[in-house]
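The structure appears below as structure tokens.
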Amino acid sequence: MSGNWDAASTWSCNCVPTKNDNVIIKTGHTVKTANGYLCRNLEVERGASIEILGTFLAEASAPISPNLYLGQPTKPNDTTDLLMVKPQFVLSYNNTKRHANWVSWELSTSWLGTSDRQNDFRPDSTLKQGWYRVVTSDYTNSGFDRGHLCPSADRTKSEEDNSATFLMTNIAPQAPVLNREPWAYLEEYCRNVVKTGYKAVIIAGMDGSGGAGTNGSMQRINGKINVPSKLYKIVVFYPEQGSITTNSTVIAANFPNTNEANQDVSWLKYVTTIKDIESSVAGVDFLSSLPMPLQTVLKNKKFDVANAGFDVEATVRTYNGRPLLVGPRGGCYYINSNGNKTYVDRSFCGN
């Protein structure tokens, strides 16, 4: 790599091969390396550059977790953005709001099995000492569901994996209709795609304050837990034996956290772009681990179910008490009393 992207100062650094090497190239600077030196930890911020002179070695560090393949959407801090790495997912926890800012996880058939839903909602004992630990009774009579961010059904390989999804740090107040209908149908769609030879990296998060559940509008549950106004989901699919490229399919959806806005509505209605979610959620930068040209392409993609190329059929909403399904080419239908497909206008499925 070379070049001085921000036309700022250029300086030289000799990195000596010690186990404590930790070199960060700050935005607006270019570092010229010295020939023959080694850096074990080298971070280049966006807007910075490194110019390689002669032979220079930098040990590649493994990602924090495969569940963070797309990078961290936010910069961690000790109060409103605590990074918590678990084997099953990675999350950023906000102690002020008392729910996650986002949760990131990998979805593949290697995570899917036959383990039952454990249903053991419980406080997360790994939160920092002195922080309030949300308990399941905080949601009692609130009018909001204990909504999973990383879904229980995405972690069924073992009871331990499934149980981890019931930690309250993976739970957020969701309007019941959102949680049980469009949000759940999008989760199901992702699993169906993965079963046809794909992997996915998924980020679910939220923004704002003020949602509307069974008991009407609310800013906080029992004065303790912030009720987000929006919940979003970003999904990047890639072949099981491949990698993320400009051809990867992206789903980005941003849902209002109200019962009314999600009643008998397809999740396809709320499809948008990653770029649009970035514009509406302060302080996020998605796909930060990917090369900038690739980020640009993926952030501007808008999902089109009819041209996604996935050979799946999945429920997208209910209509008159019947599940409406979308097919591989975007057809919208329900199963009639004879067990056959009855097609309806595609607009009923939201596409």
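The values are calculated or read from the model by the stated rules, or taken from the named source; none is laboratory data. Since the model is a prediction, treat every value here as computed from it, not as a measurement. As a convention, Cβ positions derive from the backbone with ideal geometry for all residues, glycine included, and neighbour counts pool all protein chains shown. Accessible surface is based on the protein model in full, side chains and every heavy atom, while ligands, DNA and RNA are left aside. Shrake-Rupley method; radii C 1.70, N 1.55, O 1.52, S 1.80 Å.
Accessible surface comparison of Lys269, Lys75, Lys230, Lys299, probe 1.4 Å, protein chains only, largest first: the order is Lys75, Lys269, Lys230, Lys299. Subtracting the Cα-Cα distance of Leu294 and Asn192 from 0.36 nm times their residue separation leaves 34.2 nm of extension gain.
Keeping all protein chains in place and using 1.4 angstrom, which order do Ser108, Ser217, Ser243 fall into by accessible surface area, from largest down? Numbers along the way, then the final one.
Values: Ser108 0, Ser217 105, Ser243 60 Å².
Order by accessible area, largest first: Ser217, Ser243, Ser108.
Site pair Thr109 and Ser279 shows an inter-label distance of 3.9 nm when each label is modelled 7 Å from Cα along Cα→Cβ. The stretch between Lys157 and Ser125, if pulled fully straight at 0.36 nm per residue, gains 9.2 nm over its current Cα-Cα span. Loop-resident trypsin sites (Lys or Arg not before Pro) (DSSP state other than H, G, I, E or B) in region 164-204 with no more than 14 further Cβ atoms inside 10 Å of their Cβ: Lys195. Normalised by the number of residues in region 227-351, the mean separation of alpha-carbon contacts (under 8 Å, six or more apart) gives a relative contact order of 20 percent.
Distance from the C-alpha centroid of region 238-268 to that of region 78-102: 22 Å, rounded to the whole angstrom.
Please say if region 160-269 is rounded, prolate or oblate, where rounded means a/c under 1.5 for a ≥ b ≥ c the square roots of the C-alpha gyration tensor eigenvalues, and otherwise the choice is prolate for a/b larger than b/c and oblate otherwise? Mind showing how you got there, number by number?
Values: a/c = 2.29, a/b = 1.79, b/c = 1.28.
Judged from the Cα gyration tensor, region 160-269 comes out prolate (a/c at least 1.5, a/b above b/c).
Accessible surface area normalised per residue over region 84-156 is 40 Å², counting heavy atoms of protein chains with a 1.4 Å rolling probe.
Comparing Leu290, Pro328, Ala261 along the charge dipole axis of region 247-351, the residue lying farthest to the positive side is Pro328, per the Cβ-charge model. On the beta carbon distance between Lys269 and Ser65, with R0 = 30 Å, the FRET formula returns roughly 0.40.
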